[in-house]
Amino acid sequence: MKIIFKRILLTLALAGFTVLLTGCSFNQGKTTTATSAPNTTISVQVTVGKQTTNYTVKQGSTLLALSENKLHANVTKGLINSIDHLASDPKTDSYLMFKVNGKVSQVGASEVKLKNGDKIEFYLSKF
């Protein structure tokens, strides 16, 4: 009885191993290539005060990333405090604001996904 049980187990193990090898070798001889999106860049125009500059950034970049990496903005807890000569000043109730394509943004810079041709304007506003 023990010998029959061992043979059944051995047969089942060999059958499972054969199925496993067959499944793994199914694509053998065929090559598959993964297609990834090209590293696309976009162009945006940024105005800080009276100075306008064009920048090239990776597609999907945020305004916050652009501000930190290209504009060397002073950022605290995700808020842009200053860029170049424009700086927020709570004592005078002046704060750095930005527009995207002529419209005041309703979200923070970390949520603004840049698109090709966007026009960004940074300016000071009193509250």
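Does region 86-94 include one or more residues that are within 17 Å of Ser125 (Cβ to Cβ), at pLDDT 60 or above, open to solvent by less than 100 Å² (accessible area, probe 1.4 Å) and assigned to a loop (DSSP other than H, G, I, E, B)? Please lay out each step first, then the result.
At the first step, the residues of region 86-94 found to be within 17 Å of Ser125 (Cβ to Cβ) are 86-94.
Now narrow it down to the ones that are at pLDDT 60 or above: 86-94.
Still in the running and open to solvent by less than 100 Å² (accessible area, probe 1.4 Å): 86-90, 92-94.
Next, only the ones that are assigned to a loop (DSSP other than H, G, I, E, B) stay: 88, 93.
Yes, because at least one residue in region 86-94 is within 17 Å of Ser125 (Cβ to Cβ), at pLDDT 60 or above, open to solvent by less than 100 Å² (accessible area, probe 1.4 Å) and assigned to a loop (DSSP other than H, G, I, E, B).
Looking at Leu71, is it free of Cβ contacts under 8 Å to residues at least 60 places away in the same chain, under 23 Å from the mean Cα position of the chain (by Cα) and part of a loop (DSSP other than H, G, I, E, B)?
yes
Out of Val57, Val46, I need the residue that is within 16 Å of Lys113 (Cβ to Cβ), open to solvent by less than 20 Å² (accessible area, probe 1.4 Å), touching a Phe, Trp or Tyr at 6+ places or on another chain (Cβ under 9 Å) and part of a strand (DSSP E or B). Which one?
Val46
Can you go through Val104, Val75 and tell me which one is among the aliphatic types (A, V, I, L, M) and exposed (fewer than 12 other Cβ atoms within 10 Å of the Cβ)?
Going through Val104, Val75 in turn, just one is among the aliphatic types (A, V, I, L, M) and exposed (fewer than 12 other Cβ atoms within 10 Å of the Cβ): Val104.
For Ser67, state whether it is out of contact with any strand residue (DSSP E or B) (no Cβ under 7 Å at 6 or more places or on another chain), more than 19 Å from Lys126 (Cβ to Cβ), among the polar types (S, T, N, Q) and surrounded by 15 or more Cβ atoms within 10 Å (Cβ to Cβ).
Criteria not met by Ser67.
Applying the selection to region 110-127, what residues are buried (at least 17 other Cβ atoms within 10 Å of the Cβ) and within 21 Å of Thr40 (Cβ to Cβ)?
Hits for region 110-127 are Val112, Leu114, Asp118, Ile120.
I'd like to check something: does region 30-40 contain any residue that is aliphatic (A, V, I, L, M), open to solvent by 90 Å² or more (accessible area, probe 1.4 Å), modelled with pLDDT under 95 and over 30 Å from Phe127 (Cα atoms)?
yes
The values are calculated or read from the model by the stated rules, or taken from the named source; none is laboratory data. The shown structure was predicted, so the numbers you read here are calculated from the model rather than taken from an experiment. Glycine also receives a Cβ, built like all others from the backbone with ideal geometry; neighbour counts cover every protein chain displayed. Side chains are part of the model used for accessible areas, which takes the heavy atoms of the whole protein and leaves out ligands, DNA and RNA. Shrake-Rupley method; radii C 1.70, N 1.55, O 1.52, S 1.80 Å.
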